[in-house]
Structures are given as structure tokens and as C-alpha cells.
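Engineer: My questions all concern the structure below.
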Amino acid sequence: MKSEDDPRSENGWSRREFGQILAGLGVATGTAFGGWGILELVRPKGRATSWRKSVCRFCGVGCGVRLGLNNGVITEVRGDEEAHNKGVICIKGAMLGALPSLIGRALKPKIRKAGKLVEATWEEAMSLVANRFSDSIREFGPDSVAFYGSGQLYSEETYTANKLFKAGIGTNNVDGNPRLCMASAAVGYVQTFGNDEPPGALEDIDHAHCFFIIGANPYECHPSIFERIMQRKRSHPNTVLICVDPRRTSTADRCDLHLPLKPGTDLLLLNAMMHVIVEDRLYDRDFIDEHVRFSDGEDTVDFQALESFLRDYTPEDISPRVGLSAEIVRRTAHLFARSKGTVSLWTMGINQRVQGVHLNNTINSLHLVTGQICRPGATPLSLTGQANACGGVRDTGGLAHLLPAGRVVANEKHRREVEELWGVPRGTISPTPGLDAVNLFRAMEDGRVRATLVMCTNPAQSLPAAGRYRKAMERCFLVVAEAFEDSETARFADVLLPAALWVEKEGVFGQTDRRYQLVEKVLDPPGEARSDLEILVDLAIRLRHGDLITARTPETVWDEWRKFSETSAYNFKGITYDRLQKNRGLQWPCPNESHPGTVRRYVGGDDPLVSSGKRIEFYGQPDRRAVVYLRRYQESPEQTDDEFPFILTTGRVLEQWHTATITGRIPELQMASGPARFEFNDQDAQRMDIQDGTRLEVRSRYGTVEGAAVVTGRPRKGTIFAAFYDTKLLLNIAVADNYDAVSKQPEYKITAVSVRKTGGQ
Amino acid sequence: MNWLLDLPTLVKVLGVTSCVFGIALCYRLIRVGRDSLSRDKMVNLRIASISALTFNKLLAFMAFIVVAGMSVSIANYHVFSGVKEVRSCNSCHVMRPMVNDMTDPSSETLAARHFSNKWISSQQCYTCHTDYGLAGTLKAKMDGYRHLARYTTGTYTEPIASPSVYNTDNCMQCHAGTRKFEMVSSHIALRKGLSDGSLSCLNCHGSAHPTRAQRTPGHPDYNDLMKQGD
Amino acid sequence: MGLRVEAWAAIIAFITTAAFIVWPNPYFMALFAFFAQPLFMIVALLYLRRVFRELRKKDVL
């Protein structure tokens, strides 16, 4: 052993030295790991302690969101990168975290006593509701009661309400807000393809070379879709964006071509485009021969009939009536037909029209004739307004003329099938279609309908000619299930039931492109609020239909509905809760649990319902051919005259959703949108000496509203635009309630009005 | 003359020289026998003669303090200037998808838009991912070291995900105050949420990078995103 | 004098540092940052401790 002082040989090593070196290296390594450990401890963390996937509850895009949670509070909301929206949401979605804590939530049931709503127990409220419904049914028959629902309810809820009313109570008076929003699109698809719901998908946006946006303002109303369009444009700058709108919207600002046509003349434009396509031989002859049938609405006709029909629609002839040059019409037709892929997008400007169905037919027809369909980037794709109007109402048959999964009340075979599936005796379902939205409220007016359950929607603000129907609501025993106690409709409630909102309950949303997504329960509802499903089950039991409504939880209802769908072309049997929990939504048809879902319908290899070996098959029609209808233009009943020289058209703004029951309570959104105002063309404004802030009275044949003006130059001359979200400007009071003869969807977009300055600023 | 002006090369040469010099000094210290350290043995340094002991003490000071300090400083300069470069981030393969996507002219992610439009002309990763101010720089360094430790020890899983939320202040540094930004009423209304980080710019303006799914091995895009750049 | 331990440790640190400077990849960067740097620090501390002791012995301090 060498001591410390022992001399060493020149190159010798003492153990001690080795030890020292090793210790040094050890300390160095220790320092490294220690430092790393400290860095791991102090690494930055977000406020959220856990994250859950969810779906935005506002518009029909159904953006996936991720909710950051901490102690039962939503601290952060992020767009879900894994969902179809690729992480993009809008300002409304970004504010979703505010929903659970908004002021004005209905916390306890209330019953109207001596004109005032007073708190009650659930037992008192529900037994009163059941008694009034039973009394009415006994005395005046099942058609004296009604359900008025919404595309904001979960599919399970509308399915249950539909079953309870149609197979239990025995009335087809089941309608709702989607009648005001999507009915024309739904009927349009059914007439053309034999099935409701779009053939294409949002994914087609990523492959399109031309976007034909007509009667829609996606920049404000479907922002994540517009962002997707712009991303396509930025990465493929030759992509053409065409916008048809009487108003220079924010969407039009960003389009290559804006066609500011006269309100209500779209069918002239579409037929003229068809004219150009036929005249310049831009059609796809092979596609037509193989997959298309022509019809004049009653009989099958041939291609020559189309040619002669179109003689009345030369661009030059229609030009003065539409207010567009023949040249731009021709150019649009060429861009539409000759692009490598054209996607048409439309919403309320087309649907909310007395010719809504015909307009929908004709847009579909343009795609069929040019073969711009059933391939990536080429499709007609109607955009939707509510989060669950497609899956929840159109698919479940939650409208007065429908039965679930594409069946209709008027068809006896369909009624028998549904009766069998629901296990009720033959003849239970009434053969008479129920009352559509406008006629339902007219029936309240004259006492034919005496008790109505309104769920998750706000007809007192959203109906056209709202003044008239607000009075009608006063005459009816109105049960309102609503999350907020001071919505416009809650004012007319005889019983107000506090409802759970969004992630306070569980259920499936079905959106735009046949996509079903699950909204999982994340929070408990406040106060005594209950889910709409719980309310419906309770009502069913009290009305002695408990043995009909045996599925009583979201998942069991879904399983019943999913198995029901197997018998139809809406087959989504393979979309289970389990899959929806794991996936960011699935698109039907999806017949079994191993099926990945269908992006493009009617396309062999993608859609499982297409016969094997077929490349394209429109299996919804008996002859497997989609129908191109020859639809004549008819003028809107609303025309300007000396008394009503302006056309009022309505819409939405980016920051508010629908009647702003929710978004109007979020300060950031309220601040961003400001109050609703009447937008004027600068020439009209100058002629009438109207400036920003000028107080106006706007009068129509239906009602009068007062509000302030804003001069933007955006609307076409002679047109006034206003948004309908603001309760201080209940615009729909003045809006016409003319409706499409087939879809029964009202024409919100065209009302002749007069304008009078009231003096104030 | 050009090579002289190339700072990274200069630093490299200086650093290596300094290390080699340090090694030589240490080697000499090891070789020095105890005998040669007597006070009597003199070392002639031309301008002065000093004892061998004193000379070796000087050598030790040079090796352990002066040259070591110089080498560490140069290497750290190398670290701190090098890591600002995209190339440096790209040297960890998990970062390749971000860089490949960013430099892909047809990509529409936020990073790619900033890159292809030359909104940020150099040091793109560093510019967006370093918070402003001294604290930000410190935080970036700490994060960087943590990432380095994780990466080299293999204690991570693909796809990598940030445990924190992106600091929107970094977006605001450039965008706030511009006409395009202020024109959007939503931005004004959301000012609080944007400044306290409870709202993300990405919500409305899209993903910054390829999604986690795309960066998961087995995804159809994975191999493309992982391809070795230059 | 006997600074062999310190000298060897410093050589290891210098080699690591040089390697990083020549090949700046993540692994060498980690070795430099987490290993060579602390090692330099330890060497410097050991050296300074020795200097301090010697000065104390000579009653300078």
C-alpha cells in the first residue's frame, strides 16, 4: 500500500488516483443528471391538468376541439389537430370554455303562475306537463300536441322524441329548427339522388380546383371551412373561387370572381350556366349516358328536352333580370365545367327560398351534367347551420313528413317497416304528415295545437314573421326545455325546464358530410338541470309510453338507432360508442365495426352500398341514375314596389351564432360583433341621407323593426342586409314567411321593405 | 480571405486549437516527475529564468483555468450560436418532420407559410420558439438542455408533444400593432385571452406543424416527413 | 505538485469538447454540456483548492 506521500514511479498510478479520477467523472455525471432532473421539475406546464376531446356545439361543421381541464373547469380550448378540421376552429369555438359558467343559466324548473314563472320541483313541473299533454290528447286528439326540436339536440334525443310522438302519442307533429335551415337541401338531395345527405365530403375541398360558393358566406358562418378553402388556394394559387351573393361579403372579398346578382334570381343564373354548358358542349356525355336521367318534374325526358328548356335561359336574356353581364355568366359556367374539380358550397341563400328545392336540384344537376361529382375535389356539398341538423334531425327523421333513416310518413310501406322495427302495432303511425314549422305555429294560433314541447331552440326569435308566431305561442301551452332562463322563447314558456348544455351531457352529433362524432360528458350540469334525453324519458313514462321508450341512456338509445339504420341506405351500424370514443368521428355508410367509413358516397370501392364492380352507382334511385330536373324560374312572391322599395336579406356574423342565446353572453364575442345594424349600399345611403348610426324603422308586410344603419357599400343597390342574432333588433319580426311548396322551408332571404328615418342617431 | 471571415469556421479552428493546446499542457503536467519540481532547477524563458516548480504552477494555471475556460467559452459560443440555426434543430431526427414540412413549398402549415413567404428569413425555429427578453432566452436554453438530455438518452416517445402551451406573445411580437391585425375586430375583443395565453392563435389560423398523428411511425405521411434533408 | 488526476480529467474534458466542436451533433453536444463542462468545473475547483491550501501553508492567506 502506498501512503499519500509515497513517491510513485514516473508512470505508475496509485489506487487513490484512480479513485479520484473516477470520483471526478462520477461527480460530473451526477451534476449532469442532477441538472437534467431540475430542468424536468421546472419544465413549463400549461394550466390544464388533463385534456379531453370534444366537438364544438355551434355550426354544422362540427370542428373537433380539445378541452384542457383543471379542477372541473375548462381552462383551455384548442382546435383538435387530429379531427377533420385539422386544428382550425373559429372565435366562437375558441370561447367554448366560457359556456359552463355563463350567466342566466336555468337552474330549477319553473311554472307560470299568475303570469310569472316561479320555481317548482321537477315532480311538479313534469306532472303538470304530462297532465296538460294527456288532457289535450284525450280531448282533442294526438294531433293537438307537438314537439318542436332542434339540430342542437343530440341524435339520441331527437330519435327518442320522434319515437315517443310518432309511435307513442300517435302524432307526426314533430318538427324543428332544421325545417328553417336545411329542409330544401334535404329534399333536393332526395329528389336528385334518392337519398338525403351529400355525396361528397369536406375532404373534397383539399382537391378542388374551382369553388362555386353560392348563397353562403363561409368566411363568417363556417370559418374553419373557409380557412381550408384558403389553404387550398394558397398552396394551389390557380384554384378559382367564385362567390354568388347579392352582398359583397367577407367571403366575396377573398374570391376571384364575385357575382352580385339581384336577390332571388339565382335560378336564372344557374339555368343560364346550364345553357352555356350545353351550348358550348362542356357536358360529360359519357357520364350522362351512364348515370343520369332527365326529368321535367313529372316525366322522364331526354337531352333534347333539356336543350329546348334552356332556350329561355340564354345569358343575354337573363342578364338584365339577374343584374349580371352575360359575359360573367358565360365565364362562370366555363370555370365551373372545365375545372379539374369543382366543389359547390351553399347554405341559406339557396335553402331559405320559395324555390329552395329547385335551386338545390339545379346545383346538383350542374355537377351531374358536367361529371363534376363522385371523384376527389368534385362534388355538390351543402353546408349546414346547426351542429346536429344532419345526423340528429334529417337522419333520425325528426321532421313532420319523415320517419327515421330516409323513410317518409306518406309511404305506407315505410310506416309498416318502422312500426315493425319499433315493435308497435300496425297502423300506430298516423298516415298524415305532421305540421311543418310555419304551419305548426299557425296551428297554435288557431288552437289546433294546444300543447307543445320546445327543446333546445329559440323559435320566438328564429321564426320568420316572428311577431305573428310570438302571439301564437302565447295561445299554446308551451313547455320550453332550455339552458338559459331568459331566451326569447323562455318568455312564452308555461313550463321552463332547465336543460344540460353541451359537455354536461353525452350524445352524438352528425355533421355536414355524414360524419358522426361523439360529445362525451365532461362536466356535471349546474343546479338541477337535466339532459333533454332525461326529460323525454321522464315524459314518456308519465304519458304511459315507458314500454316503448326502453332505451334510456345515450348509449342504449344509440345502439337501438344504430341497429335500426342497418335496414336502410343510411347504414351506420358499425359506428359504435366505443369507436366514437377512440376516433375523431366516422362517416357513414359504415355497415360494420371494421368498416373505416365512407368519404365519397355512390363511389365503388369507397361506398359499401355500391354494387360490386360498379365504379359509380346512384343506388338511391330505382334505375340507379341520378335525376337532372328541368326547373323553371319563378319570381319570389316578395317583389319591391313603391311602398316597399328595398329587399331585406338576412344572415349571420362571424362572432355570433344563430340567435346568440349562448354567444351573446360571452363578452368577447359581444364586443367583437357589436349590435346588429342595417347594412346599406353607399348609393342608397347617400340618396336617403343615411349615415352610420342613423335610426331607422324598417317595415314589411309582416312587421316593423327599428334599428341603426351602417353604410358599408357591401349590399347590392336596393338591398339591405341585417343579421338576426341581436335580441335588440328582432329582425325576423319583419321577415316574410313565404315557404317552399315542397320543403316548407321559409324564404328568409327575400322580404320587400320600406325604410323610414326615425330622427335619432 | 473569405475563410477568415467565416465566423463559424474561425470559432471551430480556435476551439480545436485551444483544446489541443490544453491537452498538450495537461500531458506535460502528467509527464513532469516529482524530481523535476525542485526549486533549484531553473527554466529559462529567454526574458527571465524561473524555477521549474514555478513554471509548472504556471502551466497548471494555464491548463486548468485559462485554456479550459477558453475552450468552454468557445464551445458554448458554438452551442448558443449553433442552436439558433434550423440545421441544429434538424440534427435530432424527431424534429425532421417540422423542418421538412416547413421547407415544403406546398405545405400549408403555419410554419411553412412563414418560411415560404420569407416572413422569417433565418433561424425560423429559434425565432418562434424563444420567448422574448432575457427570461425567454434562459427558458429556451433550459428547454433545449432538457430536450437534449431526453433525446440523447432515448427517454422520449414518438410523436413528441409539448407539455406546455405555446406562448402567443411570440406571435404578438410581430403581429400586434400591424394594420392587418388591428383591423380584425375579433383580435381586439380577444386581446386579454391572447395576452394571457388562454387563447391560441393556432385555433383560427391552423396548425403550425404536422399533426401528432402524421408524426407517428406507421402513418402514411411519416416516411415522407422523416426523409433526410440536406 | 501531483496534478495528475486533474490533468487526466482535464484531458478527457478537452477531448470531449474538441469532438463537439468538430462534430456538433446532439450526442457530442450532450456529452459536452452535461459531462465535459462539469468536469472542467471540478478540475478547476480541485486545482483552486490546492492553490488555496498551499497559500495557507505559506501563511499568505
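The values are calculated or read from the model by the stated rules, or taken from the named source; none is laboratory data. Predicted model, so just to flag it, every value in this text is computed and none were measured. Backbone-built Cβ (ideal geometry, glycine too); neighbour counts: all protein chains shown. Surface areas here come from the heavy atoms of the whole protein model, side chains and all, with no ligands, DNA or RNA. Shrake-Rupley method; radii C 1.70, N 1.55, O 1.52, S 1.80 Å.
Engineer: Please specify each residue of the stretch B:119-148 satisfying the condition of being facing chain A (nearest Cβ under 10 Å) and not charged (D, E, K, R).
Structural biologist: Listed by number, the residues that qualify are B:Met142, B:Gly144, B:Tyr145, B:His147, B:Leu148.
Engineer: Restricting the search to the stretch B:77-87, which residues are more than 8 Å from chain C (Cβ to nearest Cβ) and in a helix (DSSP H, G or I)?
Structural biologist: Within the stretch B:77-87, B:Tyr77, B:Phe80, B:Ser81, B:Val86, B:Arg87 qualify.
Engineer: Moving to a separate point now. May I ask you to list the residues in the stretch A:417-447 that are part of a helix (DSSP H, G or I), over 29 Å from A:Phe477 (Cα atoms) and open to solvent by 50 Å² or more (accessible area, probe 1.4 Å)?
Structural biologist: A:Glu417, A:Glu420, A:Leu421
Engineer: Oh, and also: For the stretch A:276-285, how many residues are over 13 Å from A:Ser365 (Cα atoms) and either part of a loop (DSSP other than H, G, I, E, B) or open to solvent by 30 Å² or more (accessible area, probe 1.4 Å) (or both)?
Structural biologist: Adding up the residues that qualify gives 5.
Engineer: Grab the helices (runs of 4 or more DSSP H) fully contained in the stretch A:216-275, keeping just those with 2 or more residues being over 16 Å from A:Leu654 (Cα atoms).
Structural biologist: A:223-235
Engineer: Would you pick out the residues in the stretch B:149-166 that are more than 9 Å from chain A (Cβ to nearest Cβ) and surrounded by 17 or more Cβ atoms within 10 Å (Cβ to Cβ)?
Structural biologist: B:Tyr151, B:Thr152, B:Pro159, B:Tyr166 - these are the residues of the stretch B:149-166 that are more than 9 Å from chain A (Cβ to nearest Cβ) and surrounded by 17 or more Cβ atoms within 10 Å (Cβ to Cβ).
Engineer: I need the full set of residues from the stretch A:338-350 which are open to solvent by 10 Å² or more (accessible area, probe 1.4 Å) and under 12 Å from A:Val240 (Cα atoms), in order please.
Structural biologist: A:Arg338, A:Ser339, A:Lys340
Engineer: Moving to a separate point now. Take the residues in the stretch A:505-532 that are surrounded by fewer than 22 Cβ atoms within 10 Å (Cβ to Cβ) and under 21 Å from the mean Cα position of the chain (by Cα); name whichever of them is nearest to A:Lys471 (Cα to Cα).
Structural biologist: So, considering only residues that are surrounded by fewer than 22 Cβ atoms within 10 Å (Cβ to Cβ) and under 21 Å from the mean Cα position of the chain (by Cα), the one nearest to A:Lys471 (Cα to Cα) is A:Glu506.
Engineer: Collect the residues in the stretch A:56-100 that are more than 10 Å from every other protein chain (Cβ to nearest Cβ), without any contact (Cβ under 8 Å) to a residue 60 or more places away in the chain and part of a strand (DSSP E or B), keeping them in residue-number order.
Structural biologist: Passing the criteria: A:Arg66, A:Asn70, A:Val73.
Engineer: Applying the selection to the stretch A:581-601, what residues are closer than 17 Å to A:Ser565 by Cα and of a type in the set (A, V, I, L, M, F, W, C)?
Structural biologist: A:Leu586, A:Trp588, A:Cys590 - these are the residues of the stretch A:581-601 that are closer than 17 Å to A:Ser565 by Cα and of a type in the set (A, V, I, L, M, F, W, C).
Engineer: Here's another thing I want to ask about it. Residues in the stretch B:128-144: is at least one buried (at least 17 other Cβ atoms within 10 Å of the Cβ), at pLDDT 85 or above, among the basic types (Lys, Arg) and assigned to a helix (DSSP H, G or I)?
Structural biologist: no
Engineer: Okay, moving on. So for the stretch A:214-222 (the condition being aromatic (Phe, Trp, Tyr), surrounded by 24 or more Cβ atoms within 10 Å (Cβ to Cβ), touching a residue at least 60 places away in the same chain (Cβ under 8 Å) and not assigned by TED's automatic domain parsing to the domain that holds A:Gly60), does at least one residue qualify?
Structural biologist: No: zero hits.
Engineer: To continue, here is another question. Determine which member of the set A:Leu67, A:Leu39 is outside the structural domain of A:Arg514 (by TED's automatic domain parsing) and within 30 Å of C:Ala13 (Cβ to Cβ).
Structural biologist: A:Leu39
Engineer: For the stretch A:579-615, give me the residue count where each residue is under 29 Å from A:Cys56 (Cα atoms), among the polar types (S, T, N, Q), part of a loop (DSSP other than H, G, I, E, B) and open to solvent by 40 Å² or more (accessible area, probe 1.4 Å).
Structural biologist: Qualifying residue count, the stretch A:579-615: 3.
Engineer: Hey, another quick one. Within the stretch A:53-85, take every residue that is surrounded by 22 or more Cβ atoms within 10 Å (Cβ to Cβ) and among the basic types (Lys, Arg) and give me the one that is nearest to the chain's Cα centre (by Cα).
Structural biologist: A:Arg57
Engineer: Quick one: B:Leu225 ticks every box in (1) within 12 Å of chain A (Cβ to nearest Cβ); (2) touching a residue at least 40 places away in the same chain (Cβ under 8 Å) bar one, so which box is it?
Structural biologist: The failed condition is (1).
Engineer: Collect the residues in the stretch A:36-52 that are farther than 15 Å from A:Gly72 by Cα and open to solvent by less than 90 Å² (accessible area, probe 1.4 Å), keeping them in residue-number order.
Structural biologist: Listed by number, the residues that qualify are A:Trp36, A:Gly37, A:Leu39, A:Glu40, A:Val42, A:Arg43, A:Pro44, A:Gly46.
Engineer: Hey, does the stretch A:462-475 have a residue that's open to solvent by 10 Å² or more (accessible area, probe 1.4 Å), among the small types (Gly, Ala, Ser), under 30 Å from A:Pro199 (Cβ atoms) and out of contact with any Ser or Thr (no Cβ under 8 Å at 6 or more places or on another chain)?
Structural biologist: Checked against the condition, which is being open to solvent by 10 Å² or more (accessible area, probe 1.4 Å), among the small types (Gly, Ala, Ser), under 30 Å from A:Pro199 (Cβ atoms) and out of contact with any Ser or Thr (no Cβ under 8 Å at 6 or more places or on another chain), the stretch A:462-475 yields no hits at all.
Engineer: Looking at the stretch A:616-663 only, could you name the residues that are of a type in the set (S, T, N, Q), assigned to a loop (DSSP other than H, G, I, E, B) and over 17 Å from A:Ile750 (Cβ atoms)?
Structural biologist: A:Gln621, A:Gln656, A:Thr659, A:Thr661 - these are the residues of the stretch A:616-663 that are of a type in the set (S, T, N, Q), assigned to a loop (DSSP other than H, G, I, E, B) and over 17 Å from A:Ile750 (Cβ atoms).
Engineer: Please identify the pairs in which a residue from the stretch B:202-216 that is within 7 Å of chain A (Cβ to nearest Cβ) and free of Cβ contacts under 8 Å to residues at least 60 places away in the same chain has its Cβ atom under 9 Å from the Cβ atom of a residue that is hydrophobic (A, V, I, L, M, F, W, C) and surrounded by fewer than 19 Cβ atoms within 10 Å (Cβ to Cβ), counting only partners at least 6 apart or on another chain.
Structural biologist: The qualifying pairs are B:Arg212/B:Ile160; B:Arg212/B:Ala161.
Engineer: Now, a different point. Condition check: within 14 Å of chain B (Cβ to nearest Cβ) and crowded, with 24+ Cβ neighbours inside 10 Å. Does A:Thr659 satisfy that?
Structural biologist: Here the answer is no, as A:Thr659 does not meet what is asked.
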